[in-house]
Every structure is written in C-alpha cells, then in structure tokens.
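Enquirer: Just dropping this structure here.
Values quoted throughout were computed directly from the atomic coordinates according to the rules given, and no laboratory measurement underlies them. Remember, it's a predicted structure, so these values are computed and weren't measured experimentally. Cβ placement follows ideal geometry from the backbone for every residue including glycine, while neighbour counts extend to all protein chains displayed.
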C-alpha cells in the first residue's frame with residue numbers, strides 16, 4: 001500500500017535573526033491519494049524560539065487555536081498539495097548561535113501507522129539587536145536618446161477608373177490594309193500605403209548627486 005504522505009518540506013524566510021525578531025517557518029506536503037485520515041502535526045521548537053500565538057495557518061486559512069509545539073490534529077480527505085506556516089520569536093541565543101529543528105506529521109492509514117519527518121532547518125540567532133534603516137538621497141539621472149525617423153512602403157495596388165478610351169492612329173487606311181493603328185488609354189488609381197515611424201536609441205546614462213538628502217521625495221518641477 002502506497003504511503004499517504006511521501007515528504008514534508010520545511011523552510012524559513014530568514015537565515016539569521018536577532019533576539020526579539022520573528023522568523024516564519026513554512027511547510028509543504030502532498031497527499032498521494034484521496035482518503036479520510038486524521039493527521040497529527042508537531043514541531044518541537046528549540047528552547048530559544050517561542051511560538052507566536054495565533055500565527056498558525058493551513059492552506060492560507062488561519063488556525064488561531066493551533067499550537068505546533070504541542071501538536072494539533074487535522075483531517076485529510078483528498079489528494080492535494082498543502083501548505084502550512086507559523087511564526088516564532090527568538091528569546092535567547094544558544095551557545096553555538098544556531099537553532100535547528102524538524103517537524104513531523106503522524107497518521108494511520110489502512111491500519112498502518114506512519115510518521116513523516118521534515119528536513120532540518122537551521123536559523124542563526126545573534127545576541128545583538130538590529131534594526132533596519134533607510135536613507136534617502138536626491139540624485140539627477142540623465143540619459144541621451146537618438147530618434148531616427150523611417151518610412152516603409154507597403155504593397156502597391158492599382159485599379160481602373162472608368163472605361164478605356166480608343167483613339168485612332170495617324171494613318172487610317174481608307175480600304176483594306178495589312179495593319180491598323182490605334183491607341184488604347186486607361187485612367188488608373190495607384191494606392192501606395194506608407195508607414196511612418198521612428199526608432200529611439202538610448203545612449204549611456206549618467207547620474208549626478210545633488211549634494212542634498214530628502215526625507216520624502218516628491219515629483220520635482222521640471223524647468
């Protein structure tokens with residue numbers, strides 16, 4: 001009998017955090033067949049990580065009462081790929097500065113118990129608190145452009161306008177002759193489609209610092 005869940009993949013959105021910062025753990029698993037099975041999810045977090053309450057989600061739906069550190073049960077009923085996630089906050093720094101943990105999904109299918117274990121995920125914890133800072137600088141950016149016009153002639157078509165005109169030649173025999181000269185004239189309309197346009201070629205851009213900063217950059221007034 002094929003297993004119900006072949007693998008459980010775990011990942012983290014950050015490789016390094018400071019004490020007091022939060023990391024999000026995500027999980028992906030796929031059931032191989034449709035079956036109504038009670039599954040038990042458990043993630044034994046490192047003591048230096050604390051689960052953020054009400055952060056657990058299953059397939060994008062919040063599970064406010066679920067706590068992965070004590071485990072919770074969910075019912076699997078279909079063949080599908082599922083995602084889970086939760087957040088944890090760093091509360092201390094281990095001796096080696098690294099926290100590593102795994103998660104498991106346990107179930108019993110067709111009378112056979114099974115436990116799927118995820119890959120190990122490591123996150124480094126720094127003892128120094130950090131903060132994100134953003135600086136602003138006003139700069140002038142210029143780029144030269146070259147505009148080249150062009151014209152393309154399309155397919156030329158013609159059509160006759162009115163009936164042709166037949167004009168007798170200069171020498172018109174008065175009786176039987178070996179030849180007869182005349183001229184056929186036809187007025188025609190010639191349609192010549194022309195496409196006009198232009199190509200723009202950018203040059204080498206450059207930037208000039210203005211020597212001033214800006215807290216809230218607004219649209220400058222052009223001269």
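Enquirer: Please report the antiparallel percentage of the DSSP beta bridges confined to the range 5-126, to the nearest 5.
Expert: That works out to approximately 95 percent antiparallel.
Enquirer: With springs connecting C-alpha atoms under 10 Å apart, model the chain as a Gaussian network and identify which of 208, 38, 30 has the largest mean-square fluctuation.
Expert: Ranking 208, 38, 30 by mean-square fluctuation puts 208 first.
Enquirer: In whole Å, what are the Cα extents of the range 137-213 along the three principal axes, biggest one first?
Expert: 103, 21, 15
Enquirer: Rg and Dmax of the chain, Cα atoms, in Å?
Expert: 39.9, 127
Enquirer: Starting from the 7 Å offset along Cα-to-Cβ, what nm value, one decimal, do you get for the label separation of residue 83 and residue 137?
Expert: 3.6 nm
Enquirer: Please give the peptides 49-57, 7-15, 87-95 ranked by average Cβ packing (other Cβ atoms within 10 Å per residue), highest first, as a rough proxy for protection.
Expert: By packing density, highest mean first, the sequence is 49-57, 87-95, 7-15.
Enquirer: Can you say what percent of the DSSP beta bridges in the chain, counting only those with both residues inside, are antiparallel? Round to 5.
Expert: For the chain, the DSSP antiparallel bridge percentage is about 95.
Enquirer: Express in whole angstrom the spacing between the alpha-carbon centres of the range 133-203 and the range 60-123.
Expert: Taking the Cα centre of the range 60-123 as reference, the centre of the range 133-203 is 73 Å away.
Enquirer: Can you figure out the FRET efficiency of residue 165 with residue 192, using R₀ = 30 Å and their beta-carbon distance, to the nearest 0.05?
Expert: 0.75
Enquirer: Can you sort 86, 58 from fewest to most other Cβ atoms within 10 Å of each residue's own Cβ?
Expert: Fewest to most other Cβ atoms nearby, the residues stand as 58, 86.
Enquirer: For the pair residue 151 and residue 100, what calculated FRET efficiency results from E = 1/(1 + (r/R0)^6), where r is the Cβ-Cβ distance and R0 = 45 Å, to the nearest 0.05?
Expert: Once the sixth-power term is evaluated, E becomes 0.10.
Enquirer: Would you work out if the range 23-150 is rounded, prolate or oblate? Take a ≥ b ≥ c from the square roots of the eigenvalues of the alpha-carbon gyration tensor; rounded if a/c is under 1.5, else prolate when a/b is larger than b/c, oblate otherwise.
Expert: Judged from the Cα gyration tensor, the range 23-150 comes out oblate (a/c at least 1.5, b/c at or above a/b).
Enquirer: Could you work out which residue, out of 151, 80, 35, moves most in a Gaussian network model of the chain, that is, has the largest mean-square fluctuation with Cα springs under 10 Å?
Expert: Comparing 151, 80, 35 in a Gaussian network model of the chain, the most mobile one is 151.
Enquirer: What distance in nm separates the two pseudo spin-label positions at residue 207 and residue 126, each 7 Å out from Cα along the beta-carbon direction?
Expert: So the label points at residue 207 and residue 126 sit 2.4 nm apart.
Enquirer: Which of rounded, prolate, oblate describes the range 83-174, given a ≥ b ≥ c as roots of the alpha-carbon gyration tensor eigenvalues and a/c under 1.5 marking rounded, otherwise prolate only if a/b is larger than b/c?
Expert: Cα axes put the range 83-174 in the oblate bin.
Enquirer: Subtracting the Cα-Cα distance from 0.36 nm times the residue separation, let me have the gained length for residue 181 to residue 119 in nm, one decimal.
Expert: My answer for the length gained is 12.3 nm.
Enquirer: At a Förster distance of 35 Å, what's the computed FRET efficiency of residue 199 paired with residue 15, Cβ-Cβ distance as r, to 0.05?
Expert: Once rounded, the FRET efficiency stands at 0.15.
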